[in-house]
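Just below is one structure, and these are the notes that go with it.
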Amino acid sequence: MSTMFLRVVFIAVSWVGPGAVGQSPNPSLDRRNEIGQAVQKRVDHGAYVQYMPKSVRPDSTILVICHGVFSQGTAVEAAANCIDDWFAFAEENRVILVAPAFDNGNFACSQPGALGGYRTLTGRVIGADAFLHEIIDVYKKMNPNYDGRFLLFGHSAGGQFANRYIVRHPERIIAALISSPAWFAFPDANERWPYGMQPRKGNFKWGDTGQRVPIDVTPDPDGWLQASQLPIRVIVGELDVEELKNTGKTHVTQATDWVAAMNQLAESKGVDGTVTLQIVPGVGHNYGKLSRAGATFLSDAVKRR
């Protein structure tokens with residue numbers, strides 16, 4: 001197992017309930033008793049949950065699942081339940097599942113943090129994107145041939161993380177499916193991060209802790225152009241039209257506008273944009289229906305690796 005050639009699929013989803021998970025202090029994948037079960041693991045800055053399918057083989061893809069907002073339980077339970085939802089997909093596509101646990105104390109998933117917490121790649125100690133890279137590095141250390149690239153899926157708050165991740169780290173992405181985020185990082189040179197390309201710097205309050213977190217983000221505008229050349233699909237429900245915070249915007253209009261802006265950016269640079277929009281008829285802000293509607297896109301991306 002230590003010679004596996006690994007690629008990664010990234011998925012962010014919403015928590016649907018508590019679940020049991022085993023524990024292992026060793027993140028190595030060469031433990032054969034981990035096959036067919038969810039196992040909790042740790043890196044320096046947090047926990048994650050892994051599921052290795054019974055169908056695993058030397059060229060298996062890794063599917064990284066990042067949970068969305070949870071209203072009860074723990075981040076590890078949220079990650080474990082996201083793993084549960086993807087067992088069948090993992091077995092059918094022979095992918096290994098990995099789910100980071102974005103806890104409230106460090107990543108402000110369900111409680112106030114700084115600048116929106118993990119949605120904007122922010123963290124109390126390290127960035128949410130750096131935490132993900134810490135996990136991916138486990139697999140890179142196992143196999144020097146693994147290039148650290150992955151496929152990405154995110155829904156709602158997880159979709160915000162996914163959208164911002166692809167423009168900050170396009171070199172990490174093979175393809176991305178982004179489901180119903182309320183807010184995007186637009187290719188707008190006049191708007192500050194996390195809504196546009198302008199730098200953002202300051203000391204931001206971390207919830208009610210009294211702590212202030214220094215944030216110094218200078219996005220590379222070329223990241224948006226690179227992302228516009230990736231296989232990216234934004235998926236949203238036709239009925240997801242509730243107004244967002246008295247802005248006149250909805251999930252549908254936000255998705256439509258961002259896809260258009262990304263392709264216009266590509267066109268302005270003399271290249272064809274590859275960002276597409278899928279509006280699912282008769283569906284609202286429904287994670288299950290949207291993820292199933294986008295599953296073919298994700299499966300095809302795994303097969304094309």
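A few comments on the model shown:
- Considering (1) assigned to a loop (DSSP other than H, G, I, E, B); (2) farther than 25 Å from Q264 by Cα; (3) more than 17 Å from the chain's Cα centre (by Cα), the lone condition that D188 does not fulfil carries the number (2).
- Taking first residues from region 244-263 that are within 21 Å of A189 (Cβ to Cβ) and open to solvent by 60 Å² or more (accessible area, probe 1.4 Å) and partners that are part of a helix (DSSP H, G or I) and of a type in the set (D, E), the Cβ contacts under 9 Å between residues at least 6 apart in sequence or on separate chains come to K249/D257.
- Checklist (1) in a helix (DSSP H, G or I); (2) under 9 Å from the mean Cα position of the chain (by Cα) applied to G154, failing item: (1)
- Subset of region 109-125 [aliphatic (A, V, I, L, M) and open to solvent by 40 Å² or more (accessible area, probe 1.4 Å)]: V125
- Qualifying residues in region 194-229 (those that are part of a loop (DSSP other than H, G, I, E, B) and under 18 Å from V259 (Cα atoms)) - the one most open to solvent (accessible area, probe 1.4 Å): Y195
- In region 147-175, the residues that are crowded, with 24+ Cβ neighbours inside 10 Å reach residues that are of a type in the set (F, W, Y) and at pLDDT 85 or above with C-beta atoms within less than 6 angstrom, at least six apart or across chains, in these pairs: G154/F161; Q160/W183; F161/Y118; N163/F184; V167/W224.
- All of (1) more than 19 Å from D208 (Cα to Cα); (2) touching a Leu at 6+ places or on another chain (Cβ under 8 Å) hold for T122 with one exception: (1).
- When the criteria are applied in full, V275 fails the requirement of being open to solvent by 50 Å² or more (accessible area, probe 1.4 Å), among the hydrophobic types (A, V, I, L, M, F, W, C) and in contact (Cβ under 8 Å) with a residue 24 or more places away in the chain.
- Failed item, numbered, when E238 is tested on (1) at pLDDT below 95; (2) out of contact with any Leu (no Cβ under 7 Å at 6 or more places or on another chain); (3) open to solvent by 20 Å² or more (accessible area, probe 1.4 Å): (1)
For every residue, the table says whether it meets (1) in contact with a helix residue (DSSP H, G or I) (Cβ under 8 Å, 6 or more places away or on another chain); (2) within 22 Å of A175 (Cα to Cα); (3) surrounded by 24 or more Cβ atoms within 10 Å (Cβ to Cβ); (4) of a type in the set (S, T, Y).
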| site | (1), (2), (3), (4) |
| --- | --- |
| Y51 | yes, yes, yes, yes |
| V56 | no, yes, no, no |
| D59 | no, yes, no, no |
| C66 | yes, yes, yes, no |
| Q72 | no, no, no, no |
| A78 | no, no, yes, no |
| N81 | no, no, yes, no |
| F87 | no, yes, no, no |
| F107 | yes, no, yes, no |
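- Some residue of region 263-272 being assigned to a helix (DSSP H, G or I), modelled with pLDDT of 95 or more and among the small types (G, A, S): yes
- Residue in region 94-101 that is part of a helix (DSSP H, G or I) and either of a type outside the set (A, V, I, L, M, F, W, C) or open to solvent by less than 40 Å² (accessible area, probe 1.4 Å) (or both) present: no
- All positions within region 198-208 that are touching a residue at least 24 places away in the same chain (Cβ under 8 Å) and either farther than 17 Å from A128 by Cα or of a type in the set (A, V, I, L, M) (or both): D208
- For region 132-151, the criterion of being in a strand (DSSP E or B) and under 23 Å from L230 (Cα atoms) is met by at least one residue.
The values are calculated or read from the model by the stated rules, or taken from the named source; none is laboratory data. Just so you know, these numbers come straight off a predicted model, no measurement behind them. So basically every Cβ, Gly included, is an ideal-geometry build from the backbone, and we count neighbours across all protein chains shown. Only protein heavy atoms, including side chains, enter the accessible area calculation; ligands, DNA and RNA are left aside. Shrake-Rupley method; radii C 1.70, N 1.55, O 1.52, S 1.80 Å.
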